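The values are calculated or read from the model by the stated rules, or taken from the named source; none is laboratory data. Since we're looking at a predicted model, the values are computed, not measured. Neighbour counts are summed over all protein chains in view; Cβ atoms, including those assigned to glycine, are modelled from backbone coordinates with ideal geometry.
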Amino acid sequence: MTLILTFLALFLQAESSLDHAIRSVTAEKLRSHIAVLAHDSLEGRGPASPGDVKATSYIVSQFKKFGLQPAGEKKSYLQKVPMVGVTVDPATVLTVRSAKGTADLAYSTDFVATTGTYEPSIQLKDAELVFVGFGIVAPEQQWNDYKDADVRGKILVMMNNDPVTDDPSFFAGKGRTYYGRYTYKYEIAAEKGALGAIVIHTTPSAGYRYEVIRNSWSREMFDLEEKNPGPRLQVKLWTTEEATKRYLALAGFSLDSLVAAAQSRTFAPVPLGLTLNGLIRSSIRRMETNNIIGKVEGSDPALKAQHVIFTAHYDHFGIGRPINGDSIYNGALDNASGTALMLNLAEAFASLKEKPKRSVLFAAVAAEEQGLLGSKYYANNPTVPLASLASNINTDVINVIGRTTDISWQGSDRSSLGNDLAAVAAPQGLTVLPDMAPEQGGFFRSDHFSFAKVGVPAMSMGSGSKFVGVDTSVIRTMRERGGRIYHQPSDEIYPDWNFDGALQQAELVIRVAWRVATIVELPYWNSGSEFEAARKRALGR
C-alpha cells in the first residue's frame, strides 16, 4: 500500500508540474517571439543572411535563458549546415524546338530552374525531351514509368503527384505518397542518368499555385553541400501548365492525352520529338547556416539516453521579388509562429520539477523552405545516435483563428504516435481526425518528413476544422487571408490573431511529448509503413 501511495504521490506531483508548465505558455510570449523573428530588421531570415545570423543569436539567447543544455556540435547549441547557393540569371530564355517550329520560354514567367551540379554555365544544345508520365518506379505497386527505356543524357518531362485513384491501397488513393513529390522525381531521374528533368506544374497536381513555385525558385536556391552526393541532375526545372501545353503542341501532343495515358501501368516513355536549347548562367556561392539544438535531460538513468526531438524551422525566404512595394518575406506564420511555440515548449519543459524519463531535444532547423535542408542534414548527421531518437514532433504554423473541438496532425495515422495523440486529446474533448487534405501531400512538405525517411516515428502538429465561439465570417476571412499570404511578403503579424487555438495546441503537444518521453515502449511505425525498414535498420534489427 505504501508503494502505491508513493507512486500516486509522484504521479500527482508530475501532473501538477506538467499543468504548471502548460500554463507557462501564454499568448503574450508567443506574440513576443513572433514579433522578434518576423521583424523587418531580420529581413525574412533567408539562409546564411544577416537576418539568419540575428535569428540564430536570438534563439540561442532564449535557449540559454531557459537553461537548456547545448546539444549541437563541440558542446555548443549550433550544428553547422554546409550549403550551396545557386542564383539563375533572370534574363535566361530557353527554346523548345521541333521540326515544325520553336517556342521560347521566359524565366520566372514560363519556367524556373536550378542546377544540381553547381555549374556556373550550362549549355543545353538539342537536349532531347522524353515524357515519362509520373516518373515513378514503385515495385510494391507494380509500377514502373521508365520500363527499359534508356534516358541517359536526356531531359525528362513528368507530371507532379501520383497516378489518380480512389483506391486507398494504390498510391494512397486521394492522398499522396513520396513518389508524388517533385524531390523524388528529380532523385529518380538522376538515378536513371538523365541530363535534367522538367516537372509540369498544375495547381491540382502540386496543391498550390504556380506563384508559390515562382516565389520559391526565382531567387537564390539552396542545396546541401554533401561529401558523397550520388547522382545529380545538371538542370532541374518546372514549367507552367500553359507553357507546357504550348511546347507540346509544337510536336502535335496534348498534355491531357499524355496524362491520361500515364494513368496506366502499361505506360511507356514517349519521345516527344522536341529538344531544349539555351544557356543557363548561374552565380554559385558556398556558405553555412545553422541548426540550433538544446536539450532538457531526462530523469531515468537508462531512458535518458533516448530522445524525443521537437523541430520547427526558423528560416523563411529573405528578401525577394517585391509585391505591392514590399520585398521582405517576413514569414510570421510560416514559420516564426511554429518556432515561437517551440521556444515556449522549451521553456515549459525546462521549468518542470519532475522531468520526463527520456531526454527532450529542441531543434530550430534551417532552410526548410529550400527543401527541408536543415532537418535533412540533422537526420543524416544527428548530434545523438540515430537509434536514440524515439520520435520527432514538428511545429509548423500555429492556429491563430481559435479553439477547436477536433484536431488533425500530419502523420498521426502512420505510427503508434497516433495512439498517444488520441490518448491525450480525448480528455481535452478533442476528436482526432485523419489528414483533412491528403491530396496536398502535407506529410512530405515539412521537417518531420526528414526524420521519417531515416526511420524515426514522426508527426507534425496541425489544427482542426470545428472552431468554438468564432463567427463563420471571421473563420472564412482568416482562412482566405492565410491562403493569400502563404509565401508572400504579406505574411506578417495581424492584430486580429486569436491565440486561444495556439494555446490549445501547446497543451496538446506538451502532453503528447510527456507521454512519449515517459512510456517505456519505443514508438513504432504501423505495420507495412514505407518507413518501417529504415527504423529496423536504425535500431539494428
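Brief remarks follow.
- Restricting the range 259-274 to residues that are within 30 Å of the chain's Cα centre (by Cα) and part of a helix (DSSP H, G or I), the residue that is nearest to V130 (Cα to Cα) is V259.
- Members of the range 115-137 that are surrounded by fewer than 23 Cβ atoms within 10 Å (Cβ to Cβ), of a type outside the set (A, V, I, L, M, F, W, C) and touching a strand residue (DSSP E or B) at 6+ places or on another chain (Cβ under 7 Å): G116, Y118, P120, S121, Q123, K125, D126, E128
- Of the helices (runs of 4 or more DSSP H) lying entirely inside the range 448-541, those containing at least 2 residues that are farther than 30 Å from N215 by Cα and under 24 Å from the mean Cα position of the chain (by Cα) span 500-518, 532-538.
- Checking each residue in the range 180-223 for being surrounded by fewer than 23 Cβ atoms within 10 Å (Cβ to Cβ), touching a helix residue (DSSP H, G or I) at 6+ places or on another chain (Cβ under 6 Å) and of a type outside the set (K, R) picks out Y184, T202, G207.
- On the stretch given as the range 80-139, residues that are aliphatic (A, V, I, L, M), in a loop (DSSP other than H, G, I, E, B) and modelled with pLDDT of 95 or more total 3.
- Within the range 315-338, tally of residues that are closer than 18 Å to S49 by Cα and under 17 Å from the mean Cα position of the chain (by Cα): 8
- Candidate set: the range 226-255, residues that are in contact with a strand residue (DSSP E or B) (Cβ under 6 Å, 6 or more places away or on another chain) and part of a helix (DSSP H, G or I); chosen: the one farthest from T117 (Cα to Cα): R246
- The set of residues in the range 450-503 that are surrounded by 16 or more Cβ atoms within 10 Å (Cβ to Cβ) and over 23 Å from L30 (Cα atoms) comprises S450, F451, A452, K453, V454, G455, V456, P457, A458.
- Within the range 253-271, residues that are in contact (Cβ under 8 Å) with a residue 40 or more places away in the chain and polar (S, T, N, Q) have Cβ atoms under 6 Å from residues that are surrounded by 14 or more Cβ atoms within 10 Å (Cβ to Cβ) and assigned to a loop (DSSP other than H, G, I, E, B) in these pairs: Q263/P163, counting only partners at least 6 apart in sequence or on another chain.
- The conditions of being buried (at least 21 other Cβ atoms within 10 Å of the Cβ) and in contact (Cβ under 8 Å) with a residue 40 or more places away in the chain are met by D447.
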